[in-house]
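Chemist: Below you'll find the structure I mean.
The values are calculated or read from the model by the stated rules, or taken from the named source; none is laboratory data. Everything numeric here is computed off the predicted structure, so don't read it as measured data. Note that each Cβ is placed from the backbone with ideal geometry, even for glycine, and that neighbours are counted across all protein chains shown. Keep in mind that these areas ignore ligands, DNA and RNA; they rest on the heavy atoms of the full protein, side chains included. Shrake-Rupley method; radii C 1.70, N 1.55, O 1.52, S 1.80 Å.
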Amino acid sequence: MPRDILVTAALPYANGPIHIGHMLEHIQTDIWVRFQKLRGERCIAVCADDAHGTPIMLKAQQEGITPEELIERSGREHRRDFADFMIGYDNYYTTHSPENQDCANRIYAGLKAGGHVFERTISQAYDVEKQMFLPDRFIRGECPRCGTPDQYGDSCENCGATYSPSELKNPVSVVSGTPPIEKESVHYFVRLADFEDMLKEWTGGGHVHESVRRKLDEWFEAGLKDWDISRDAPYFGFEIPDAPGKYFYVWLDAPIGYMASFRNLCDRTPELDFDAFWNADSQAELYHFIGKDIIYFHALFWPAMLSAAGFRTPSAVFAHGFLTVDGKKMSKSRGTFIQARTYLDHLDPEYLRYYFAAKLGPGLDDIDLSLDDFRQRVNSDLVGKLVNIASRAAGFIHRGSDGKLAPALMDAALYNEFVAAADDIAAAYENREFARAVREVMALADRANAFVDEYKPWQLNKDPANADQVQAVCTQALNLFRVLVIYLAPVLPALAKKAAAFLNVEPFRWQDLEAPLLDTQINPFKAMMQRIEEKDIQAMIDASKEDLQKQPAAGAPAQSDTTTINIDDFAKVDLRVARIMQAEHVEGADKLLKLTLDVGELGSRTVFAGIKAAYEPEALKDRLVVLVANLAPRKMRFGLSEGMVLAAGPGGKDVFLLEPDAGSKPGMKVK
């Protein structure tokens, strides 16, 4: 019988874009889920946007929109980025949902009925002007230890000191810029120590990695602290039942979002039963993939909440380390704080999926993305080894055997050796030892290439009498390639799809390893992967520096981010009249149209313009536009953009191309 498995990844916060640090976790999760599905298990993956809290409320105010509008936009962007990285969630939802509110109320009722909730009066920083209590990160001032100015209310970025907001010197609210006062308020707490015995048994029962268990033991020894689960109005979230003006702290309802997302899926999928996965006696498996910074919430608060309300606890919580780039923390100034969309504009998502897999293990070690090693490893392993096997063999099958594979393997023992590795590779995937799985597959790829080198079909092919032997050698090579791609299908789903189409077979399953592919017609080989060039990575870094200029903190008074230029700078801009010769949709792009422009004496230009929502391509032909003709070309995932057409408007459907005067001709300067 197939296993019933429910998998979640930590919820991205809904007030900003996805970056490659997020992608580490979601790629890790997706690889594990795809492996289970490839093996025929019933594995369901859900996630959601974490949509509540003060930062959401304040950022929406700053942008002049409602929190609902902000989280809807963020959710749309997050779903798009995950989809383009081939992260295959069965449901991606939001914590701002009726399902989540219902589950949160139920869990709160369980905590309260068990006597685990109590009230306590606390003193907090309060912004008198905005009439709101301030989270620690919304207070800034001078560090009480080293005196460094403009530090957060909980820690100093200069000396590393931690402290309470009341210890800051000259504190100010980042919301209004005024000094906060201290004000008392009644808050609701959960007495976590009530669950100590249960939690010790759960954490010691193999549900977390050994390194995580040791860290949890330190927290047990220090004593479990009471958990503040309430916040005061104004707050964007769920109001606590029977407590007007009090709201659930975002970290209470955030993990409940796992349940809510699955429940939403169950309501739309008759064959899924919510209770069968979440009841205390459930036989299904439940796994959470998280970063090591949120272990306390997932390995202590979360099991306690679930048990108090009569739900099952997780089968395991899988924690991973952080992502560094070139050995350092991701940096905006160095261009290594890379948004997912910026990466996608320049590089194939499967390159990053493969590189992360080649680095990931089951523990808490940080993962470093060395950009030079990234380029070399992808070019060597995927292009030079894996895809090279198929490209070396396919042409001979089509030229000499009419595209048909031989009826038997040339070396069945070698094929069986490749298949015999399946159990070890499967165990590596199951245990999240992805780096070991990749090493084993690449070692087999070396053997497959050595086989081709040994028989040299390009030399055999010089004599027509060797046609059958050439077919046999290449059939063997393509079957070894097929085995390797099946092994890597969880990591490289797009490559697996291309390989299946090339071999003229249905989408791969793990059991396809049992028999070779023989005496069948295959399709002509098409390039499956391209080498990474240094310029591609540099273009991504340059774009990251442009995209990620320092933004004001959420809720901070809006400040102009306009860079002042003088008249000499403006005079450098070369504006020209251009005629749109052709406009077309761009496959895989949500906002772009590809424009081919006639710029008179400057020739033709290709420009990718973000006007898809406002214009149909056929309506743009022969239209005159204004072009920034001396803008440096930008390498994008879809091609080279050689300028920028000028437009105005708030965006979406309301984008209006600037038009030159009637009678203007392509190439004329615009003044």
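Chemist: Among all residue pairs at least 6 apart or on different chains, which show Cβ distances below 7 Å where the first residue, located in segment 282-298, is free of Cβ contacts under 8 Å to residues at least 40 places away in the same chain and the second is open to solvent by 20 Å² or more (accessible area, probe 1.4 Å) and of a type in the set (A, V, I, L, M)?
Modeler: What qualifies is SER282/ALA276.
Chemist: Separate question: Conditions first: (1) over 19 Å from MET86 (Cα atoms); (2) without any contact (Cβ under 8 Å) to a residue 40 or more places away in the chain; (3) crowded, with 21+ Cβ neighbours inside 10 Å. VAL325 passes all but one, so which condition is the exception?
Modeler: For VAL325, the exception is condition (2).
Chemist: Taking only pairs six or more apart or across chains, which ones have beta-carbon atoms under 7 Å, a first residue in segment 581-608 that is under 30 Å from PHE82 (Cβ atoms), and a second residue that is of a type in the set (Val, Ile, Thr) and part of a loop (DSSP other than H, G, I, E, B)?
Modeler: From residues that are under 30 Å from PHE82 (Cβ atoms), the pairs are LEU592/VAL586; LEU593/VAL586; LEU593/ILE611; LYS594/VAL586; PHE608/VAL586.
Chemist: Going by the conditions given, is ASP345 in contact with a strand residue (DSSP E or B) (Cβ under 7 Å, 6 or more places away or on another chain), part of a helix (DSSP H, G or I) and open to solvent by less than 40 Å² (accessible area, probe 1.4 Å)? Let's see the steps before the verdict.
Modeler: Working: in contact with a strand residue (DSSP E or B) (Cβ under 7 Å, 6 or more places away or on another chain): yes; part of a helix (DSSP H, G or I): yes; open to solvent by less than 40 Å² (accessible area, probe 1.4 Å): yes.
Yes; evaluated as a whole, the condition is true for this residue.
Yes or no, residue by residue, for (1) under 25 Å from HIS187 (Cβ atoms); (2) modelled with pLDDT of 95 or more; (3) not small (Gly, Ala, Ser):
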site	(1), (2), (3)
ILE256	yes, yes, yes
THR269	no, yes, yes
ASP273	no, yes, yes
LEU286	no, yes, yes
ARG312	no, yes, yes
LYS328	no, no, yes
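Chemist: A further question follows. For segment 199-231, which positions are hydroxyl-bearing (Ser, Thr, Tyr) and either in a helix (DSSP H, G or I) or out of contact with any helix residue (DSSP H, G or I) (no Cβ under 9 Å at 6 or more places or on another chain) (or both)?
Modeler: Looking only at segment 199-231, we keep the residues that are hydroxyl-bearing (Ser, Thr, Tyr), and these are 203, 211, 230.
Scanning segment 199-231 gives THR203, SER211.
Chemist: Residue by residue through segment 476-524, note down the ones that are of a type in the set (Asp, Glu) and more than 23 Å from GLU417 (Cβ to Cβ). Please lay out each step first, then the result.
Modeler: Here is the first cut: in segment 476-524, the ones of a type in the set (Asp, Glu) are 506, 512, 514, 519.
Result: GLU506, single match.
Chemist: Looking at (1) under 15 Å from the mean Cα position of the chain (by Cα); (2) outside any strand (DSSP E or B); (3) more than 21 Å from GLU433 (Cα to Cα), which one does ILE65 not meet, given that it meets all the others?
Modeler: (1)
Chemist: For SER380, indicate whether it is among the small types (Gly, Ala, Ser), surrounded by fewer than 22 Cβ atoms within 10 Å (Cβ to Cβ), at pLDDT 95 or above and closer than 30 Å to LYS462 by Cα. Show your work before the answer.
Modeler: Values: among the small types (Gly, Ala, Ser): yes; surrounded by fewer than 22 Cβ atoms within 10 Å (Cβ to Cβ): yes; at pLDDT 95 or above: yes; closer than 30 Å to LYS462 by Cα: yes.
Yes: the conditions hold for SER380.
Chemist: Which residue pairs have Cβ atoms closer than 9 Å, lie 6 or more positions apart in sequence or on different chains, and pair a first residue in segment 655-671 that is at pLDDT 80 or above with a second residue that is assigned to a loop (DSSP other than H, G, I, E, B) and of a type in the set (Phe, Trp, Tyr)?
Modeler: LEU657/TYR615
Chemist: Check whether at least one residue in segment 613-621 is among the small types (Gly, Ala, Ser), surrounded by fewer than 14 Cβ atoms within 10 Å (Cβ to Cβ) and at negative phi, and report yes or no. Give the derivation first.
Modeler: First, pick out the residues of segment 613-621 that are among the small types (Gly, Ala, Ser): 613-614, 619.
Narrowing further to those that are surrounded by fewer than 14 Cβ atoms within 10 Å (Cβ to Cβ): 613, 619.
Still in the list and also at negative phi: 613, 619.
Yes: segment 613-621 contains one or more residues that are among the small types (Gly, Ala, Ser), surrounded by fewer than 14 Cβ atoms within 10 Å (Cβ to Cβ) and at negative phi.
Chemist: So in segment 589-648, with the set limited to residues that are assigned to a strand (DSSP E or B) and β-branched (Val, Ile, Thr), which one is nearest to the chain's Cα centre (by Cα)?
Modeler: Here is the first cut: in segment 589-648, the residues assigned to a strand (DSSP E or B) are 593-598, 604-609, 624-628, 634-636, 639-641, 644-645, 647-648.
Checking which are β-branched (Val, Ile, Thr) leaves us with 596, 606-607, 625-626, 628, 645.
Details: THR596: 33, THR606: 30, VAL607: 28, VAL625: 37, VAL626: 37, VAL628: 34, VAL645: 31 Å.
Checking each candidate, the answer is VAL607.
Chemist: Continuing with the same structure: Which numbered condition trips up PHE337, out of (1) surrounded by 21 or more Cβ atoms within 10 Å (Cβ to Cβ); (2) modelled with pLDDT under 95?
Modeler: It is condition (1) that PHE337 fails.
Chemist: Please work out which residue is farthest from LYS130 (Cα to Cα), limiting yourself to segment 186-198 and to residues that are open to solvent by 30 Å² or more (accessible area, probe 1.4 Å), of a type outside the set (Phe, Trp, Tyr) and not in a helix (DSSP H, G or I). Let's see the steps before the verdict.
Modeler: In the first step, residues of segment 186-198 are kept if they are open to solvent by 30 Å² or more (accessible area, probe 1.4 Å); the result is 186, 188, 191, 193-194, 196-198.
The next check asks that each one be of a type outside the set (Phe, Trp, Tyr); those that pass are 186, 191, 193-194, 196-198.
If we keep only those that are not in a helix (DSSP H, G or I) as well, we get 186, 191.
Details: VAL186: 19, ARG191: 32 Å.
Looking at the filtered set, the residue picked out is ARG191.
Chemist: Same structure again: Quick one: LEU405 ticks every box in (1) open to solvent by 10 Å² or more (accessible area, probe 1.4 Å); (2) more than 35 Å from the chain's Cα centre (by Cα) bar one, so which box is it?
Modeler: So LEU405 meets the others, but not (1).
Chemist: Is at least one residue of segment 28-46 among the small types (Gly, Ala, Ser) and closer than 19 Å to LEU265 by Cα?
Modeler: Just the residues of segment 28-46 that are among the small types (Gly, Ala, Ser), to begin with: 40, 45.
In the following step, the residues that additionally are closer than 19 Å to LEU265 by Cα were identified as 45.
Yes, segment 28-46 contains at least one residue that is among the small types (Gly, Ala, Ser) and closer than 19 Å to LEU265 by Cα.
Chemist: Give MET1, MET23 a once-over and let me know the one that is surrounded by fewer than 19 Cβ atoms within 10 Å (Cβ to Cβ) and closer than 30 Å to ALA437 by Cβ.
Modeler: Working: MET23 fails: surrounded by fewer than 19 Cβ atoms within 10 Å (Cβ to Cβ).
Exactly one residue qualifies, and that residue is MET1.
Chemist: Check LEU364, LEU369 and return the single one that is in contact (Cβ under 8 Å) with a residue 24 or more places away in the chain, of a type in the set (A, V, I, L, M) and under 26 Å from LEU347 (Cβ atoms).
Modeler: Working: LEU364 fails: under 26 Å from LEU347 (Cβ atoms).
Matching residue, one of LEU364, LEU369: LEU369.
Chemist: Could I ask something else about it? Could you list all residues from segment 494-532 that are without any contact (Cβ under 8 Å) to a residue 60 or more places away in the chain, of a type outside the set (Gly, Ala, Ser) and open to solvent by 20 Å² or more (accessible area, probe 1.4 Å)?
Modeler: Going through segment 494-532, the residues without any contact (Cβ under 8 Å) to a residue 60 or more places away in the chain turn out to be 496-498, 500-501, 503-507, 512, 515, 526.
From what's left, of a type outside the set (Gly, Ala, Ser): 497-498, 503-507, 512, 526.
Of everything in segment 494-532, those that are without any contact (Cβ under 8 Å) to a residue 60 or more places away in the chain, of a type outside the set (Gly, Ala, Ser) and open to solvent by 20 Å² or more (accessible area, probe 1.4 Å) turn out to be LYS497, LYS498, ASN504, VAL505, GLU506, PRO507, ASP512, LYS526.
Chemist: Scan segment 26-69 residue by residue and report those that are among the aliphatic types (A, V, I, L, M) and surrounded by 22 or more Cβ atoms within 10 Å (Cβ to Cβ). So that I can check it myself, show each step before the final result.
Modeler: Taking segment 26-69 as the starting set, the residues that turn out to be among the aliphatic types (A, V, I, L, M) are 27, 31, 33, 38, 44-46, 48, 51, 56-58, 60, 65.
Matches in segment 26-69: ILE27, ILE31, VAL33, LEU38, ILE44, ALA45, VAL46, ALA48, ALA51, ILE56, LEU58.
This table checks each residue for (1) open to solvent by 20 Å² or more (accessible area, probe 1.4 Å); (2) under 30 Å from VAL128 (Cβ atoms); (3) not polar (S, T, N, Q).
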residue	(1), (2), (3)
TRP227	no, yes, yes
LYS246	yes, yes, yes
ARG268	yes, no, yes
ASP275	yes, no, yes
ASP281	yes, no, yes
PRO303	no, no, yes
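Chemist: Which one of the conditions (1) of a type in the set (Gly, Ala, Ser); (2) crowded, with 17+ Cβ neighbours inside 10 Å; (3) closer than 14 Å to MET529 by Cα does ALA393 fail to meet, given that it meets all the rest?
Modeler: The failed condition is (3).
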